[in-house]
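The values are calculated or read from the model by the stated rules, or taken from the named source; none is laboratory data. Predicted model only: the values in this text are computed from it and were never measured. With ideal geometry, Cβ positions are generated from the backbone for all residues, glycine too; neighbour counts draw on all protein chains shown. For the accessible areas, the whole protein counts, side chains as well, though only heavy atoms, and no ligand, DNA or RNA atoms are used. Shrake-Rupley method; radii C 1.70, N 1.55, O 1.52, S 1.80 Å.
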Amino acid sequence: MQQVVIAMRRRESEAVITALQHAGVVHLKPIEDSPLRSDASHEQTSEELKEAERLLARVESTIAELGAVRPAEMVGVTVPPRGDWAARIEGVASPVAELARERTEVQGDVDAAAAYAEPAATLARMVGSLDRSRRVSVIPFVLHAETDLGELQASLQEGLGDRFELAVENSGTGRVGAVATLAGERDLARTALGRVRLAEMRLPGRFEGMPLEQAAAELGQIRSAGRDHLQGLNAKRDALAKSHGPELFALRDGLKDLVAVHDVRTLSARGRYSLVMQGYVPVDRIPALEAALQPFGDGVVHELHGVDAHHDQAIPVELQNSEFVKPFEMVMGLMSPPKYGTFDPTWVMATLMPFMFGMIIGDIGYGLLFLAFGLWLNGKAKRGESWTVPLFGMELTPRVLSNLWQITKWMSIWTILWGFLTGEFFGTWGEHLGLFYLDEGILNNLWGWTGAEYHAHAGAHHHGLIPTLFPRLETGYFSNIMLVLALLFGILQVPWAWFIRIREGLKHGDQVHVWEGIALFGGVIALILMAFVTKAASDFGQMFNFANPLALLMWLGFLAFVVGYLRVIKHYPMLPVELVSQGGAVLSYARIFAVGLVSAIMAKLVADLGWNLYESWGIIGGIIGFILAALLTVLILAMTLIGHILQPIRLQMVEFLNPTGFNAETSPVYNPLRRLSSAQESVK
């Protein structure tokens, strides 16, 4: 990354900024406390900017009223010259606003008819034309399910004596009633209704105050024809969105580009005749910057120089990853980007997250389901369609769906591969169907070096097509092996994280972080070696067996911790507590074993239940067992899938990245000034 300063004549600033927008390579940095600002710092917003912002707001409100969706490709969309923008926008915005007003009114009428048409019709039959009388007041109301008519009658008599009539009928939506009394005693009747928790029914909107017969007639008409009218208006809106939407989006992009020109000026140093801006540009994009400025000749001067990664906090970060790793930048987007010049862990996430997920699930059937889901996402992405996630209500764009497909693809591949190793196909269906089997000789030859010994037992499947090589469901024999394999990730990753801390400290000349890293790198390795030397704390006497090279390395690790701790004790007095915490971070990787085993046991129980029904009841039991197993499988996935995805992510983001200092410092994301509109849409 290079820092760039660009100076230009003020009268040419719009053309220069537009050229920089088109190049799309300069990340701007505000210039503050510049002497050039003193001459123009209180400059009033230009009329051109005010007009552009007004038109932009008009376009965005019109797009919202149309419910238009931006086309996946804007190729071929033509935009008129800038002088015609206002007329074109207003020509679309006015009829759209009128249509939106009409839709709102019709929607309100339709909603009112849905809620009040039946009660109003029933009440109209009850009171006839009585509510038109000047001497008699009619108060309609809706009864609650728990309303006691005797209590209502008593309340009315208490307030009105015998000067009222009460009628109650059932309508399609419940019971309704009306009280007729003298016009002068209307408030007494309302008070009587209030004592039994009833209130006068008031029709909404324009229907309020209408005689019940007229309101019932209009509501009934709307109920029968309102939906068709609303659908017609929606069809008209959709047609307008289809015909004018692309141009509106192009106009919005052009207006945003125009407003951005004025925004850039506010970030720059301004004199009476000149304007200066500063920013950053990646080294490989310097030719594009120079090509954009070359047409202005001596009217524009620019200067490039290297950045100071140690002291400049505003250097933007542009992650440069391979096509395989790039989709996982979306996962890392859950956290702030790394500080410029430090470690980018995206490739670690891309490598280990799918691998650990596959190890946790380890089932061919589940892997095929994930793969099918990923292919469905990919299909929508290729068609340029978005997808709204159920329950969460989030709308995922085609680009996001494409990245999700790449992530899901690798998660599925590793799940299927681990499924072949564990011998699981929707739990133990693979064994029941003769696809997988356990071979005593193969397992002992493969894992006997660990000290474990497999013996065939009743109920195990010893014949099939593919031998199971990673039998995690054989808990009596294999649990310790799987636990150690899970912990191996922590044994490697946690010390690696502190090594990165040392390296970054050396790179930036930060001795505190260097010695902190040395202390905890040595201490964590010492704790790991102590576990091996003492055979998981069963023989602490082996710690002093100096004939064992592991014991010597262990004490060297503790020595490194002590030396490092003494060097940073002023800054980190609680470092011994942190060392214990880091030992816990290593053990935290056991969740790969625990969560995976629980998942496998649940799948086994479901499969065994379905198979036992088949063995007990034959074909009928098999059908029932299959349906029951399918339902339980979906339920289990719904309850556990998010946790299975989050566990590998958490291990990378917390246990691995926290020691590296990844979350301690950050930089802004590289966001260059660029055009939203295409070259054909350039303002003229």
Quiz prompt | Coil-residue GluC sites (Glu not before Pro) of region 102-158, DSSP, other Cβ within 10 Å capped at 14 | solution = E146
Practice problem: Work out how much length R272 to D162 would gain on full extension: take 0.36 nm times their residue separation and subtract the Cα-Cα distance, in nm to one decimal. | Solution: 30.7 nm
Exercise. Show which aspartates and glutamates lie in cross-link reach of K604 when reach means a straight Cα distance below 17 angstrom and same-chain residues fewer than eight apart are skipped.
Key: D363, E424, E431, E474, E615
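Solvent-accessible area per residue for region 475-518 at a 1.4 Å probe radius, Å²? List each step's numbers first, then the result.
Details: 1920 Å² over 44 residues.
In whole numbers, region 475-518 has 44 Å² accessible per residue.
So if each residue of separation counts as 0.36 nm, and I subtract the Cα-Cα distance between D228 and T388, what length gain in nm does that give?
Using 0.36 nm per residue and subtracting the Cα-Cα distance, I get 54.9 nm.
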Self-check item: Gain on full stretching of the segment that runs from A537 to A288 - 0.36 nm per residue minus C-alpha separation
Solution: 83.4 nm
Quiz item: How many Å² of accessible area per residue for region 63-209, probe 1.4 Å?
Solution: 54
Quiz item: Using a simple spin-label model with points 7 Å from Cα along the Cα→Cβ vector, what separation in nm is obtained for E102 and S616?
Solution: 6.6
Quiz item: What is the spin-label model distance, in nm, from L319 to F546 if the labels are put 7 Å beyond Cα along the C-beta direction?
Solution: 4.9
Quiz item: Over 21 Å between Cα atoms, which of K326/K409; K236/K382; K380/K409; K50/K236 qualify?
Solution: K236/K382; K50/K236
Quiz prompt | Helix-only mean residue ellipticity at 222 nm for the chain, each DSSP H run of n ≥ 4 adding -39500 (n - 2.57), per residue, nearest 500 | solution = -20000 deg cm²/dmol
Quiz item: Amide H neighbours of S274 under 5 Å, counting only residues 5+ apart in sequence or on other chains, H built in-plane at 1.01 Å?
Solution: R10
Quiz prompt | Protection proxy ranking of 53-64, 117-128 - average other beta-carbon atoms within 10 Å, highest first | solution = 117-128, 53-64
Quiz item: Ignoring ligands, DNA and RNA, what percent of the 1.4 Å accessible area of region 128-169 is carbon and sulfur?
Solution: 45
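Loop only by DSSP, 15 or fewer other Cβ within 10 Å of the Cβ. Give me the trypsin sites (Lys or Arg not before Pro) in region 260-365 that pass, ordered by residue number.
R272
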Quiz prompt | 5 angstrom amide H check on E424, placed H, neighbours 5+ away | solution = I364
Quiz item: So how far, in whole Å, is the C-alpha centre of region 517-549 from the one of region 553-616?
Solution: 17
Self-check item: Relative contact order of the chain, defined on C-alpha pairs under 8 angstrom at six or more residues apart (%)
Solution: 19
Exercise. Within region 169-219, report the trypsin sites (Lys or Arg not before Pro) that DSSP leaves as loop and that have at most 14 other Cβ atoms within 10 Å.
Key: R197, R202
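Keeping the other protein chains in place, figure out the carbon and sulfur percent of the accessible area of region 185-262, with a 1.4 Å probe.
Working: 1950 of 3840 Å².
Its accessible area is 51 percent carbon and sulfur atoms.
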Practice problem: Measure nothing but the geometry: give the 0 to 90° angle between the long axis through the Cα atoms of 590-650 and the longest principal axis through the Cα atoms of the chain, rounded to 10°. | Solution: 70
Exercise. Could you check how much of the accessible area of region 289-420 is carbon and sulfur, as a whole percent, using a 1.4 Å probe?
Key: 62
Exercise. Give the distance, in whole Å, between the Cα centre of region 151-222 and the Cα centre of region 285-325.
Key: 75
Self-check item: Cα long-axis angle, helix 13-23 against the chain (0 to 90 degrees, to the nearest 10)
Solution: 60
Self-check item: region 270-338 - accessible surface per residue (Å², probe 1.4 Å)
Solution: 53
Quiz item: What FRET efficiency would be calculated for the residue pair A235, L609, taking the C-beta separation as r and a Förster radius of 41 Å, to the nearest 0.05?
Solution: 0.20
Practice problem: Calculate how steeply helix 186-195 sits against the longest principal axis of the alpha-carbon atoms of the chain, using the helix alpha-carbon long axis, and give the answer as 0 to 90 degrees to the nearest 10. | Solution: 30
